[in-house]
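Right, one structure below, let's go through it.
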């Protein structure tokens, strides 16, 4: 089990690829509540590694929605896109240990190969077809030639080799709002050879989140239960790279009328739309099960969002 931390650090880390919805609000408010419960601080991180979908105007909308909710963050936000070189250093460390290989297989090619086999393909925890390791068999010379040729490719983690290199059983501490903690065994093998970088994006969610949590000194990660399985990969990378493993908490998801989780890609109702319809920040907090903070604005239906450390 991990030793108790003395200065808890939390973070809320949205991607500026659309407007926030109630699911994001729940996650931000849970982080705020847990940071307050443990006497920690809350940081804001903008996860903007996708250059095709992330836009500055969406970041501005995120800041506006968080101000409206009354959530105060310590210091300036960290933007992942400004730290790609740091991610690259960690990627090089994994490559130097022979744990990465270039892969030119597209998602379409992987799906077509699975269909052609006639067998039901193995799938990862998110339901995607598990990569069969086609390019893993390339020789060292073939890998070098592929990279040197400029052929578009991703860099995949050789999962079996990585688990062996970790050299020990992988686990993390899960914590709950009522103070309980439990050690959870990580099972990264169920993800197969995950992608850690692409030609157009020299990092990935898995690598960037691990790198930035360490850089920001994050000790407690609070996020949706849909990311619980991904924690297995993150713990593996933390061990391989000699980075600390935070404690993790996974909260319930906000569902729509069809009992599907809210999603930007599905066009779920945004906080901006709810605000336009008259929803107040006080009502949003109460709807999601969080008390309204005290302050001069509270009795007027809006939380006090003029925290001194809000930038």
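The values are calculated or read from the model by the stated rules, or taken from the named source; none is laboratory data. Please read all numbers here as calculations on a predicted model, not as lab measurements. Counting neighbours? That spans all protein chains shown, and the Cβs are built from the backbone with ideal geometry, glycine included.
If the condition is being part of a helix (DSSP H, G or I) and out of contact with any helix residue (DSSP H, G or I) (no Cβ under 9 Å at 6 or more places or on another chain), then region 162-176 contributes only 164. Just to be sure, is residue 104 under 24 Å from residue 157 (Cβ atoms) and under 21 Å from the mean Cα position of the chain (by Cα)? When the stated conditions are applied, residue 104 does not pass them. Return a yes/no flag: does region 20-30 have any residue that is in a loop (DSSP other than H, G, I, E, B) and either at pLDDT 95 or above or under 16 Å from the mean Cα position of the chain (by Cα) (or both). The answer is yes, given that some residue of region 20-30 is in a loop (DSSP other than H, G, I, E, B) and either at pLDDT 95 or above or under 16 Å from the mean Cα position of the chain (by Cα) (or both). For region 104-123, a residue qualifies if it is buried (at least 16 other Cβ atoms within 10 Å of the Cβ) and modelled with pLDDT of 90 or more, and the qualifying residues are 105, 110. Look at (1) within 20 Å of the chain's Cα centre (by Cα); (2) surrounded by 14 or more Cβ atoms within 10 Å (Cβ to Cβ); (3) modelled with pLDDT under 95 and you find that residue 200 fails only one, number (2).
Every test in (1) part of a loop (DSSP other than H, G, I, E, B); (2) in contact with a strand residue (DSSP E or B) (Cβ under 9 Å, 6 or more places away or on another chain); (3) under 18 Å from residue 206 (Cα atoms) is passed by residue 88 save one, and that test is (1). Restricting attention to region 266-282, the residues being touching a residue at least 24 places away in the same chain (Cβ under 8 Å) and not in a helix (DSSP H, G or I) number 3. Among the residues of region 221-249, those that are outside any helix (DSSP H, G or I), in contact (Cβ under 8 Å) with a residue 24 or more places away in the chain and closer than 21 Å to residue 207 by Cβ comprise 221, 222, 223, 224, 229, 230, 243, 244, 245, 246, 247, 248. Restricting region 182-197 to residues that are in a strand (DSSP E or B) and under 17 Å from the mean Cα position of the chain (by Cα) leaves a set whose member that is farthest from residue 124 (Cα to Cα) is 197. Would you confirm whether or not region 34-42 contains a residue that is modelled with pLDDT under 95, over 16 Å from the mean Cα position of the chain (by Cα) and more than 14 Å from residue 197 (Cβ to Cβ)? No, region 34-42 has no match at all.
Collect the residues in region 180-203 that are touching a residue at least 12 places away in the same chain (Cβ under 8 Å) and farther than 16 Å from residue 99 by Cα, keeping them in residue-number order. Within region 180-203, 181, 183, 184, 185, 186, 187, 190, 199, 200, 201, 202 qualify. The set of residues in region 1-19 being at pLDDT below 95 and either part of a helix (DSSP H, G or I) or out of contact with any helix residue (DSSP H, G or I) (no Cβ under 8 Å at 6 or more places or on another chain) (or both) consists of 1, 2, 3, 4, 5, 6, 7. Out of curiosity, is residue 84 in contact with a helix residue (DSSP H, G or I) (Cβ under 9 Å, 6 or more places away or on another chain) and surrounded by fewer than 20 Cβ atoms within 10 Å (Cβ to Cβ)? Yes; evaluated as a whole, the condition is true for this residue.
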